[in-house]
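Right, one structure below, let's go through it.
The values are calculated or read from the model by the stated rules, or taken from the named source; none is laboratory data. Everything numeric in this text was worked out from a predicted model, so none of it was measured. Cβ: placed from backbone, ideal geometry, glycine included. Neighbour counts: every protein chain shown.
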Amino acid sequence: MAPPAKAASSNAKPAAKAKAGKAKASPDGKKKKKGSPSSAGKDEEKKRLQAELEVARGSAAAQEAAARALEAELAALRLRHTHDTAASGDVLASQQREQVRLTAVARQLEAALEASRLEAAQLQRALQDELDAAAAEQAEADGTNGQPSSELQRALSHQERQEERIAAQQREMEGLRARLQRAEDGLAASNATVAALQVKAASRSELRFVEGQPWLLHVGRERLTGALPAAAQPGCTLAAAGRRLVLEGPAGAASEQTGSMQQPSEGHRLITLDLSSGTWASTTADQQGGSTESAGINGRAVCSVGSKLLGFGGACPDGSLLPAATATQQLLPELPHWETTPVPAEAAALPEPRQGAALAYCAKTNAAYMYGGQAQDGRCLGDLWLYDVAFARWTRLDSAATARHLPAADRARTPCIPERPPPCSGAALAVSEAGDRVWLMGGLLEDGRCSNELHWFDVGLRYWAAVEPQQSSCIVAPRTQHIMACIGRDLVVVGGLTRSASGAITRRRDTCLWNTASSAWEVLDESAFEPQAAACSSEAGAVVSMAAGRDPGRRTTSGHGGIRFNSQREGGPSSSLATAFLGAGSAAFLGSKLLLLKPAAGSGLVSELWTVDLGCPPERIEELRAAKQAAQAVVQTLTLTCGTVAATSVRLSWRAPHDKLVSFKLMMTNAEGLAREAYEGPEASCDVTGLPPNSQLVFCVKVRRQSGMLACRPWNMQLQKGL
């Protein structure tokens, strides 16, 4: 650092040159002006661009550091899962060795008991022989007084002792059997605990990028117990009511012919899963109770309303639909049956009887919305209804014409056209968190085809609009019997069925995202969040595969609409009907979490519950980062402290957060925005001299790490001091 005198002399030379330049006259004899407004503006623009460049570089460096930290955290999580799995294996091996030892002891005791029984039998035979001989001798003897001989008394005494010994051995054997049974019960409980720990240890976190935004997916796994049900088939419904999941539908394998009405099934099941304990509880037809016409209903539209379920419509076992007066029903998890909701006397209109309708609930407005379904005569319906939960009243929303001129704000926000959705059944409905917009996606049309169109309904202005995806968006496959929810600014669509032109049914196992801000579809996961999903990408370096969930065989490879054909086709291995069904009946949303019922590979019984956390990714990443920093007690901010302030100098100091910082650079900016370096070195304090008096200055510290990268974004932004 130069001395103050030298710095003053160096500043004097440019000032003298500037005065000499001002004294020169222009060629026409007139004096030049001090400065051009255009040149001053360019300087200001240059300074602003330089400042923005510095901020951008700092942001990029911080993002790279955050990405490396997240990668390290993911590696640590994988290592911890590996250690947990190894520990669980050791516990299981120890329990198995203990079981083998106890079995050997039991066998030895059984052998000893059998030998004792044989010895007792021999003694009894010998005793009987002695008794017979003694009786014969007594009969032959003359002058007997009727008392038994000494040999007979000894034989009787020996027999009593043998009987007591046998009874004692039997009591000991019963105690050993009870001990063995307790050991077997404990071993079974230990095996169940180890199995549950192994399943939980398979939980994982994955960092994925969709449209350049990070998504931290945490897939938690839990082992289920109780009366395990068979895997859900198309036609079932699954919804969360408080801390319980309610699974309802046909007891047997349902048909996937989605072009017809629900046929009467041979059996009906209503099963609840306690999310707190992970235990299934089945309900028989006798336990369901309620009204007779409410039992065994298939194709009922169901949604969660707080701690209860709301249902509408459905087909009775004889094939008829529930009448409009009794079609609205509710179910409490504590009561294993549906109850009809009374219709108010002043009700103006009721929805037409139907099955396969789409139903969604909005907690903010305490209202449910229902669209479409299939009528008794087989035609598809295309009406939208609102159900006021507080007053139990239905109101039709789209009875008037909706092809009106869209507001300019909606045209600028979402590329859309005024268009009503076609009549359909088996669609998915979702309501925005604010309750001002209802989203409708997919469904089965009257001609038997599936739709992939996306529409939204403005609740305030009451008009429908169809959304046009961007050209760079991927193509989401048509589907029905899927589920959808609005999480933040994204629509999340999961699973479903697709019927091709040839009539083949394809089970979809993808999870698609519709970004309401960019009006584009993306695929978050393409194989029901299986661990090997990321490794199935056929494109080198791809973070998330984009093949599944689109038109068969199409794959977007860039953000400019470039398309590549893939070898995957309809009916291939990934679309085989042998795979577990993913959609309505096997998946449900609980807030921002996606709950998946996973059947076992061998038995086909639902033995695992997967919980996929779909919370806001940036907030989730910041929470994990803050938790890690709090655990490690790492200070992330540099606090500048002012020591001594003089007329033209100031002493500043700061505290380094950790020892990985090898150098510091102190920058100073005046009120005009001119920045210069005031200090660079390993020390955490410095004296800044040669400052202009009566000025306002801004100081910031940049750090250099051991990797040699200079962090341009300061850890502590500003310290202002008037001198």
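Looking at the range 56-70, which of its residues are surrounded by 12 or more Cβ atoms within 10 Å (Cβ to Cβ) and more than 29 Å from Ala196 (Cα to Cα)? Can you show your working first?
Going through the range 56-70, the residues surrounded by 12 or more Cβ atoms within 10 Å (Cβ to Cβ) turn out to be 56-62, 65-67, 69-70.
Within the range 56-70, Ala56, Arg57, Gly58, Ser59, Ala60, Ala61, Ala62, Ala65, Ala66, Ala67, Ala69 meet the criteria.
Exactly one condition in (1) closer than 14 Å to Gly442 by Cα; (2) under 15 Å from the mean Cα position of the chain (by Cα); (3) crowded, with 24+ Cβ neighbours inside 10 Å is not met by Asp510; state its number.
Failing condition for Asp510: (1).
Output the number of residues of the range 71-91 satisfying the condition of being among the hydroxyl-bearing types (Ser, Thr, Tyr) and loosely packed, with under 13 Cβ neighbours inside 10 Å. Show your work before the answer.
Start the filter on the range 71-91 by keeping residues that are among the hydroxyl-bearing types (Ser, Thr, Tyr), which leaves 82, 85, 88.
Checking the rest, the ones that are also loosely packed, with under 13 Cβ neighbours inside 10 Å come to 82.
Adding up the residues that qualify gives 1.
Can you name every residue in the range 200-239 that is surrounded by fewer than 21 Cβ atoms within 10 Å (Cβ to Cβ), within 30 Å of His268 (Cβ to Cβ) and under 19 Å from the mean Cα position of the chain (by Cα)?
Arg221, Glu222, Arg223
I'd like to check which strands (runs of 3 or more DSSP E) are fully inside the range 310-371 and have at least 1 residues that are farther than 28 Å from Leu454 by Cα. Can you show your working first?
On the way: elements: 328-331, 338-340, 358-362.
Filter on the range 310-371 gives 328-331, 338-340.
Just name the residue that is farthest from Gln481 (Cα to Cα) out of those in the range 365-397 that are loosely packed, with under 15 Cβ neighbours inside 10 Å and aliphatic (A, V, I, L, M).
The extreme case among them is Ala390.
Can you name every residue in the range 433-461 that is under 18 Å from Asn366 (Cα atoms) and either of a type outside the set (A, V, I, L, M, F, W, C) or not in a loop (DSSP other than H, G, I, E, B) (or both)?
Of all residues in the range 433-461, those under 18 Å from Asn366 (Cα atoms) come to 433-439, 457-460.
Matches in the range 433-461: Glu433, Gly435, Asp436, Arg437, Val438, Trp439, Phe457, Asp458, Gly460.
Yes or no: Gln153 at pLDDT 85 or above and surrounded by fewer than 14 Cβ atoms within 10 Å (Cβ to Cβ)?
Taking the combined requirement at face value, the residue does not satisfy it.
Taking the range 449-486 only, how many residues are closer than 26 Å to Phe581 by Cβ and out of contact with any strand residue (DSSP E or B) (no Cβ under 8 Å at 6 or more places or on another chain)? If you could, list the steps in order and put the result at the bottom.
Here is the first cut: in the range 449-486, the residues closer than 26 Å to Phe581 by Cβ are 449-455, 474-486.
Narrowing further to those that are out of contact with any strand residue (DSSP E or B) (no Cβ under 8 Å at 6 or more places or on another chain): none.
Number satisfying all stated conditions: 0.
Report the residue count in the range 567-603 for those that are modelled with pLDDT under 85, assigned to a loop (DSSP other than H, G, I, E, B) and more than 17 Å from Gly235 (Cα to Cα).
To start, the set of residues in the range 567-603 that are modelled with pLDDT under 85 comprises 567-580, 601-603.
Narrowing the set further to residues that are assigned to a loop (DSSP other than H, G, I, E, B) leaves 567-572, 576-580, 601-603.
With more than 17 Å from Gly235 (Cα to Cα) added as a condition, the list becomes 567-572, 576, 601-603.
Residues flagged as modelled with pLDDT under 85, assigned to a loop (DSSP other than H, G, I, E, B) and more than 17 Å from Gly235 (Cα to Cα) within the range 567-603 amount to 10.
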